[in-house]
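The values are calculated or read from the model by the stated rules, or taken from the named source; none is laboratory data. Quick caveat: nothing in here was measured; it's all calculated off a predicted structure. With ideal geometry, Cβ positions are generated from the backbone for all residues, glycine too; neighbour counts draw on all protein chains shown. Accessible surface areas use protein heavy atoms only, side chains included; no ligands, DNA or RNA. Shrake-Rupley method; radii C 1.70, N 1.55, O 1.52, S 1.80 Å.
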Amino acid sequence: MTDLSWLTARPVAHRGLHDMNKTRWENTLSAFAAAAERGYAIECDVHLSSDRIPVVIHDGDLKRLTGQDGFVWQRTAAEMTALKIGGTSDHLPTLQQALDLVDGRVPMIVELKGVPGHDEGLVASVGKMLKRYEGKAAIMSFDHWLIRDFPKHAPGIPGGLTAYGKDVKLIEAHFAMLAHDIAFTSYAAGDLPNRFVSFVREKLKMPVITWTVLDQPAIDLTFKYADQMTFEGFEPDLVQVA
């Protein structure tokens, strides 16, 4: 079994260490630089541009972050990186730019955002990029069709399931993804505890990180039922003991 102790060794800055989009916005090079300087692992989100290049942005729709109309998949990477985020001087980065900036200083956890009909090649592109990367890195997704491609198109890169929920239907869907060689899960802190997380931690010895931790109750849930947190809105101690 691959050693993933690095995945849970330090708190994970959700979309980098931003200030809730006041002056330092999510998923920007400024937010990644701040996280790396403080020693936090970094979670970021990627979509595929129209010319099949992974770009770092959470939403498929451009409006909230750039003020522009349209969708990521409609624009080239050059067009995307020309856009400024939130009216700041930060331009929307490619994944490669983010990796170059972090340069192995802290782990990178890359969440792949699927868009049915517009994400072919996303797993392969990110997998190839991370294969060349010399730092610690993992991929994860909510999207089951992308996760099914992880072993084929991103071999050797630890892959995770991003998940939420407690109801039977969702829990059963999560269990089904264990057939696809996932190495960890990132679970909604507010939905702990549940049977799936208990099973993968206790029976499979699989690391579990949580999202998105904003307050002390979520911190408490994380370190009672999981291994590490993905946080935003505050700066936690680097050493957290479950």
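With contacts taken as Cα pairs under 8 Å and at least 6 residues apart, the stretch 60-129 reaches a relative contact order of 20 percent.
Each residue of the stretch 131-175 gets 76 Å³ once the volume of the Cα convex hull is shared out per residue. Within the chain, DSSP assigns beta bridges of which about 20% are antiparallel (rounded to the nearest 5).
Hey, any idea what % of the stretch 1-113's accessible area is carbon plus sulfur with a 1.4 Å probe? Of the solvent-accessible surface of the stretch 1-113, carbon and sulfur hold 49 percent. A 1.4 Å probe run over the chain, with the rest of the protein chains in place, finds 45 Å² accessible per residue. Quick one, which of (1) 8, 35, 39, 15, 2, 0; (2) 8, 33, 38, 19, 2; (3) 8, 29, 30, 18, 10, 4, 1 is the actual P(r) over Cα pairs in 10 Å bins from 0, in percent calculated for this model? Answer label, from the structure shown: (2). Exposed loop sites were defined as GluC sites (Glu not before Pro) in DSSP loop states (anything but H, G, I, E or B) carrying at most 15 other C-beta atoms within 10 Å; in the chain the longest segment without such a site runs 1-119.
If you take every residue apart from Phe184 with its C-beta less than 11 Å away from the C-beta of Phe184, what net charge results, scoring Lys and Arg +1 and Asp and Glu -1? Result for the neighbourhood of Phe184: +1.
For the stretch 55-137, the fraction of C-alpha pairs more than 19 angstrom apart is 41%. Here Lys131 is the anchor, and the lysines within straight C-alpha reach of less than 18 Å, apart from those fewer than 8 places off in the same chain, are Lys152. In this structure, the amide hydrogen of Asn21, modeled 1.01 Å from its nitrogen in the peptide plane, lies closer than 5 angstrom to those of Glu26, counting only residues at least 5 positions away or on a different chain.
For Met229, the residues whose modelled amide H falls within less than 5 Å of its own, excluding neighbours fewer than 5 places apart on the same chain, are Val12, Thr210. For the stretch 144-242, the relative contact order comes to 21 percent (Cα pairs under 8 Å, sequence separation of at least 6).
The calculated 222 nm mean residue ellipticity attributable to helices in the chain amounts to -7500 deg cm²/dmol, summing -39500 (n - 2.57) over DSSP H runs of n ≥ 4 and dividing by all residues. Of the Cα atoms belonging to the stretch 1-107, the radius of gyration and Dmax stand at 14.0, 45 Å. Expressed as a fraction of 2.2 N^0.38 Å, the value expected for a compact globular protein of N residues, the C-alpha radius of gyration of the stretch 90-134 is 1.24.
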